[in-house]
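Inspection log for the structure reproduced underneath, given as structure tokens.
The values are calculated or read from the model by the stated rules, or taken from the named source; none is laboratory data. As the structure is a computational prediction, the values presented were derived from the model and not from experiment. Ideal geometry is used to build each Cβ from the backbone, glycine not excepted, and the neighbour counts take in all protein chains shown.
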């Protein structure tokens, strides 16, 4: 009985340890940032931890910096990059499936994965190593309303395209082609609306809108709401936002690369 109790206790401790959000210290030439990784984006969490433990990020640059927006790093080509050279295409040779969660958004301090654009990356797979930290800015209610309208249209189109690309939905594609051939604009609009409703139900989703929490944070603390729903947010800064601000405010060239290198000295996992 004692042996079984010990095994059970050990198992509980193991589960508890794995359920704890991991923290990573990012030591830079401008100061130290500490981030917490989310457990509900496990692919990104585990990949980031693997790279940190292998010292992949040590000596890399924050190669893309935009004031009031974000700071980006993780390109292995930046390690020995010559001054002025353009960066941002490097990686470990693989991408990560998107883990876009509605409860994680681009608030100030959000840690997210960079990726290639939708035209070459419709699945929105993340870069294997490049990440960014949001500095952001505060938004007005009017600005959020305009953004919400635009993001709702993007989300709507994404769902329609996802529905139409399924093999079993060939009949829907044929109907749209027929309507287009007949130049029946009104018919196309009505049919796409029908598909959208079917897609919302099929994929268990709701039309895009900012939650009350998002609106409060974006109007009081700030962030980059125009990226919501399009990139995987997998963590957040819990210490060192003053360092993020310092890096975000450095002078840059026309490619948004700092004129004076801002380097990641090292990263390490901390408890």
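Going by what's in this entry, would residue 77 be described as touching a helix residue (DSSP H, G or I) at 6+ places or on another chain (Cβ under 7 Å) and either at pLDDT 95 or above or part of a loop (DSSP other than H, G, I, E, B) (or both)? Considered against the rule, which asks whether it is touching a helix residue (DSSP H, G or I) at 6+ places or on another chain (Cβ under 7 Å) and either at pLDDT 95 or above or part of a loop (DSSP other than H, G, I, E, B) (or both), residue 77 comes out as no. The set of residues in region 240-260 that are in a loop (DSSP other than H, G, I, E, B) and over 20 Å from residue 25 (Cβ atoms) comprises 249, 250, 251, 253, 254, 255, 256, 257, 259, 260. Filtering region 145-175 down to residues that are in contact with a helix residue (DSSP H, G or I) (Cβ under 6 Å, 6 or more places away or on another chain) and within 22 Å of residue 210 (Cα to Cα), which residue is surrounded by the most Cβ atoms within 10 Å (Cβ to Cβ)? Among those that are in contact with a helix residue (DSSP H, G or I) (Cβ under 6 Å, 6 or more places away or on another chain) and within 22 Å of residue 210 (Cα to Cα), it is 159. In the list 189, 221, 195, which residue meets the criterion of being free of Cβ contacts under 8 Å to residues at least 40 places away in the same chain and out of contact with any helix residue (DSSP H, G or I) (no Cβ under 9 Å at 6 or more places or on another chain)? Step by step, each of 189, 221, 195 is checked, and only 189 is free of Cβ contacts under 8 Å to residues at least 40 places away in the same chain and out of contact with any helix residue (DSSP H, G or I) (no Cβ under 9 Å at 6 or more places or on another chain).
Before we move on, is residue 123 modelled with pLDDT under 95 and either surrounded by fewer than 20 Cβ atoms within 10 Å (Cβ to Cβ) or in the same structural domain as residue 57 (by TED's automatic domain parsing) (or both)? Criteria met by residue 123.
Mind telling me which of the residues 87, 111 ends up being in contact with a strand residue (DSSP E or B) (Cβ under 6 Å, 6 or more places away or on another chain), surrounded by 12 or more Cβ atoms within 10 Å (Cβ to Cβ) and over 25 Å from residue 221 (Cβ atoms)? Result: 87 is the single residue among 87, 111 that is in contact with a strand residue (DSSP E or B) (Cβ under 6 Å, 6 or more places away or on another chain), surrounded by 12 or more Cβ atoms within 10 Å (Cβ to Cβ) and over 25 Å from residue 221 (Cβ atoms).
Remark: residue 98 matches the filter, which requires a residue to be modelled with pLDDT of 95 or more, under 16 Å from the mean Cα position of the chain (by Cα) and surrounded by fewer than 20 Cβ atoms within 10 Å (Cβ to Cβ).
Among the residues of region 10-25, is any over 20 Å from the mean Cα position of the chain (by Cα), at pLDDT 95 or above and within 17 Å of residue 264 (Cα to Cα)? Scanning region 10-25 turns up no residue that is over 20 Å from the mean Cα position of the chain (by Cα), at pLDDT 95 or above and within 17 Å of residue 264 (Cα to Cα).
Within the option set 93, 74, being at positive phi and buried (at least 18 other Cβ atoms within 10 Å of the Cβ) holds for one residue only, 74.
With the structure loaded, tell me whether residue 156 is in contact with a strand residue (DSSP E or B) (Cβ under 8 Å, 6 or more places away or on another chain) and either part of a helix (DSSP H, G or I) or closer than 30 Å to residue 34 by Cα (or both) or whether it fails that test. Criteria not met by residue 156. Touching a helix residue (DSSP H, G or I) at 6+ places or on another chain (Cβ under 9 Å) and closer than 30 Å to residue 31 by Cβ: does that describe residue 205? Considered against the rule, which asks whether it is touching a helix residue (DSSP H, G or I) at 6+ places or on another chain (Cβ under 9 Å) and closer than 30 Å to residue 31 by Cβ, residue 205 comes out as no.
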